[in-house]
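Report on one structure; see the data block that follows.
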Amino acid sequence: MEQQDRDRQATAAEELVGRLVDQGVVGVALSWVDNSGVSRVKAVPVRRLPHAAAWGVGASPVFDAFLLEDTITAGRHAGGPVGDLRLHPDLRRLTVLAEQPGWAWAPVDRWTQQGEVHPQDQRSLARRAAETLAAVGLSARMAFEVEWVLGAQVEGDDFVPATRGPAYGLTRVEEQSDYLRDLLVALDRQGVEVQQVHPEYAAGQFEVSVRAEDPVGAADTQVLVRETIRALSLRRGVRASFSPKVIAGGVGNGGHLHLSLWRDGGNLFTGGDGELGLTREAEAFTAGLLDRMPALLAVGAPSVASYLRLVPQHWAGAFQAWGLENRETALRLVQGPPEESPRAANLELKAFDLTANPYLLVAAVVHAGVAGIRDGASLPPPVDVDPASLSDDERAGRGIAALPGTLEEATRAFESDPVLTAAFGTELAETVVDVRRAESALFAGATPEQVAAATRWTH
């Protein structure tokens, strides 16, 4: 970073400090997400923000090798005690936190001491992926659905749902109406545009959907929404879990990613001459995702617990297939009402969950889709039934395969994928593999109940 850039950042932060102090802010949380999907943080007093903006805040690169329960794997490129990075806050996303009085938040980019982007910085990877799209005249709009369950405060770490109402029931809104009202108020005050909030299927489960943004913005917002829910829950005497499997035999939390592809102001997922109205570019992009879905799971379903959720007939998208409004295929095309389709048509990637690092995920999705466009990939026919209702022979005849059933299987698919590993770069790709294999080893021999218990309150 050049000195003039440091001066510009310091000046911009100085201009913010007065307004932050007037709003009662005394500390700024500077966060990033590690390769296990856990948000990590350093914080500074508000008046230290200009220095942090110009020079960054020191942090060890060891966090790239953290596992979900804070052990550190000795990887090929991360996990040792040597080295230091600088955390540079993105002041454009600085947000006063509605449920943490006295605090503001900003996501960070991680730089080396020499002023270069850290080769394992996930947020910078997401930004470069968006630039890859822009270089070919395309842009993507993305949004994460955030699912969570509310647990009552009980002694120990068991899960007792904080609601008794039925799945999707109005009763749940009545039971938690003050909580949901406060959530909507908090997100609105933080500049997050909520599109809907509703009870979900599992006991105590809710979901919130937000407006689509650029890939980096969507990942930032996912972090902000998730941590707002966590903070709100703690202040209201309940606990929030985003784990893909809170109870071994129950329905898990997903982290579905919605995306649309745009060129010259037009949505490429509608109005085309291809199957179900897709344009040729949207079809090729979707085909690229479908082809690489097993490898994408190492990024989007990156925990051992993910594969307790990713099973057929749970609306988790456990099959490598696509379809119109089909909630049992990994890719679900959403068209919306005909009059709204030019704006609303999008693709939902259903197999992912909230143990994913959202920056890694949006980057991987973009690169997989762009590879499909580059290769002129084509989609198989859409699937209009539950794939689990077909026989093995029928699925084979239609080219429908089950997605990986373990984290190790997904890790092997990622490791052997030249597009994703090249996009991530050697250091980051190999560290992702090292962390995935270390988590697989951590839970080797564990029962589903033990896995669910160990991951319940981490994500």
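Name the residues of region 80-120 whose amide N is less than 18 Å from a point 7 angstrom out from the Cα of residue 47 along the C-beta direction?
In region 80-120, the label zone of residue 47 (backbone N under 18 Å from the point 7 Å along Cα→Cβ) covers 102-104.
Taking 0.36 nm per residue of sequence separation and subtracting the Cα-Cα distance, how much length would be gained by fully extending the chain between residue 273 and residue 442, in nm to one decimal?
Between residue 273 and residue 442, full extension yields 55.9 nm more.
I need the phi-derived Karplus couplings for region 224-230: 6.51 cos²θ - 1.76 cosθ + 1.60, θ = phi - 60°, integer Hz, Gly and Pro marked x.
4, 5, 4, 6, 5, 4, 5
Return 36, 416, 341 ranked ascending by Cβ neighbour count within 10 Å, so the fewest neighbours appear first.
In order of increasing Cβ crowding within 10 Å: 416, 341, 36.
Loop only per DSSP, at most 12 neighbouring Cβ atoms within 10 Å: give me the chymotrypsin sites (Phe, Trp or Tyr not before Pro) in region 314-396, ordered by residue number.
Here no chymotrypsin sites (Phe, Trp or Tyr not before Pro) fit, given the DSSP loop and packing criteria.
For region 183-269, which trypsin sites (Lys or Arg not before Pro) are both in a DSSP coil and crowded by at most 15 other Cβ atoms within 10 Å?
211
I'd like to know which of 354, 13, 268 lies farthest towards the positive end of the charge dipole of the chain, counting +1 on Cβ of Lys and Arg and -1 on Cβ of Asp and Glu.
Result: 13, furthest along the dipole toward the positive end.
Return the loop-located GluC sites (Glu not before Pro) in region 302-361 (DSSP other than H, G, I, E, B) with at most 16 other Cβ atoms within 10 Å of their own Cβ; answer none if there are none.
325, 339, 340
Provide the convex hull volume over Cα atoms per residue for region 3-118, in Å³.
So the per-residue hull volume is 102 Å³.
For a Förster distance of 60 Å, can you work out the FRET efficiency between the beta-carbons of residue 390 and residue 114, rounded to the nearest 0.05?
Computed FRET efficiency for residue 390 and residue 114: 0.60.
Please give the direction-averaged projected area of the C-alpha convex hull for region 156-280, in square nanometres with one decimal.
It is 10.2 nm².
Over 35 Å apart: what share of the alpha carbon pairs of the chain falls there, rounded to a whole percent?
29 percent
How far is it, in nm, from the label point at residue 136 to the one at residue 7 when both lie 7 Å from their Cα along the line to the Cβ?
Spacing of the two 7 Å Cα→Cβ label points: 4.1 nm.
Quick one: check the C-alpha center-to-center distance for region 1-70 versus region 159-196, whole angstrom.
30 Å
The numbers here are math on the coordinates, done by the rules we state, and not lab data. Since this is a predicted model, take the numbers as computed values, not measurements. Quick reminder, even Gly has a Cβ in these numbers, built from the backbone with ideal geometry, and neighbours come from all protein chains shown.
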